[in-house]
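Asker: My questions all concern the structure below.
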Amino acid sequence: MVKSKFGELRIDYSGFTCPVQKAVIIIGDKWTLFIIREFIYGIEKQGFNDLLRALKPISSRTLSLKLKKLEECGIIKRKIINARPVKVEYSLTQRGKALKTPLQKMGEWFKEEEKAPRKNYA
C-alpha cells in the first residue's frame, strides 16, 4: 500500500499479476459496481448529488472515495463546469464503458444459475 496525495492508504496494483485479481480489486466491491451501473444503465453524465440520491444509503464520504478511486483507475472522468454555483459532472471513460458487456454477462449468468436446480451438499 502507498499513501495517496489525499493522505489515505491506497493499493499499489502493480504487485498483482493475475488480471482477474486486478479487476476484482478495482471494481469488485459493492458500491463501485453500483456506481458503474448508474452510468451504464442510468444517466450518462451525473453530478455528485444525483449519484448520492440514486445510490441511497451510500454515505457522501464513501461515494467521494469511490469516485476518486475510479477516476485514478481511468474508469470515470470528472469535469468541472464553471457555473454559479460550480458544478462537478461525472461520466464514464471509454475504459469504463467497456465494462458494460462484462456486467451484462454477469447478470445473464446469474439469471441462468437462478433457474438451475440446486443440489443439497449439507
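The values are calculated or read from the model by the stated rules, or taken from the named source; none is laboratory data. Bear in mind the structure is a predicted one, so any value in this text is a computation, not a measurement. Because the Cβ atoms are built from the backbone with ideal geometry, glycine has one as well, and the counts that use them run over all protein chains shown.
Asker: If you scan the range 78-101, which residues turn out to be in a helix (DSSP H, G or I) and within 20 Å of residue 65 (Cβ to Cβ)?
Answerer: Step one: list which residues in the range 78-101 are in a helix (DSSP H, G or I), which gives 94-97, 100-101.
95, 96 - these are the residues of the range 78-101 that are in a helix (DSSP H, G or I) and within 20 Å of residue 65 (Cβ to Cβ).
Asker: Checking the conditions here, which among 45, 77, 66 is closer than 18 Å to residue 87 by Cα, at pLDDT 85 or above, surrounded by 16 or more Cβ atoms within 10 Å (Cβ to Cβ) and of a type in the set (D, E, K, R)? Walk me through how you get there before you give the answer.
Answerer: Numbers: 45 fails: surrounded by 16 or more Cβ atoms within 10 Å (Cβ to Cβ); 66 fails: closer than 18 Å to residue 87 by Cα.
Just one listed residue meets the conditions, 77.
Asker: Follow-up. Yes or no: the range 102-111 includes at least one residue that is part of a helix (DSSP H, G or I), acidic (Asp, Glu) and out of contact with any Lys or Arg (no Cβ under 7 Å at 6 or more places or on another chain).
Answerer: Quick first cut of the range 102-111, residues part of a helix (DSSP H, G or I) only: 102-111.
Now restrict to residues that are acidic (Asp, Glu): 108.
Filter once more, so that each one left must be out of contact with any Lys or Arg (no Cβ under 7 Å at 6 or more places or on another chain): 108.
Scanning the range 102-111, I find at least one residue that is part of a helix (DSSP H, G or I), acidic (Asp, Glu) and out of contact with any Lys or Arg (no Cβ under 7 Å at 6 or more places or on another chain), so the answer is yes.
Asker: Let me ask another. Of all residues in the range 69-94, how many are in contact with a strand residue (DSSP E or B) (Cβ under 9 Å, 6 or more places away or on another chain) and under 22 Å from residue 29 (Cβ atoms)?
Answerer: If we filter the range 69-94 for residues that are in contact with a strand residue (DSSP E or B) (Cβ under 9 Å, 6 or more places away or on another chain), which is where we start, we get 69-72, 75-81, 86-93.
From what is left, the residues that are under 22 Å from residue 29 (Cβ atoms) are 69-72, 75-78, 90-93.
Matching residues across the range 69-94 total 12.
Asker: Moving on to the next point. In the range 74-118, which residues are of a type in the set (Lys, Arg) and more than 19 Å from residue 34 (Cβ to Cβ)? Steps first, answer last, please.
Answerer: Our first condition is that a residue be of a type in the set (Lys, Arg); within the range 74-118, this holds for 77-79, 84, 87, 95, 97, 100, 105, 111, 115, 118.
Hits for the range 74-118 are 79, 84, 87, 115, 118.
Asker: For the range 82-122, what are the residues that are at pLDDT 90 or above, hydrophobic (A, V, I, L, M, F, W, C) and loosely packed, with under 10 Cβ neighbours inside 10 Å?
Answerer: none
Asker: Let me ask something else. Look at residue 26 and say whether it is surrounded by 14 or more Cβ atoms within 10 Å (Cβ to Cβ), outside any loop (DSSP other than H, G, I, E, B), at pLDDT below 95 and of a type in the set (A, V, I, L, M).
Answerer: On the way: surrounded by 14 or more Cβ atoms within 10 Å (Cβ to Cβ): yes; outside any loop (DSSP other than H, G, I, E, B): yes; at pLDDT below 95: yes; of a type in the set (A, V, I, L, M): yes.
Here the answer is yes, as residue 26 does meet what is asked.
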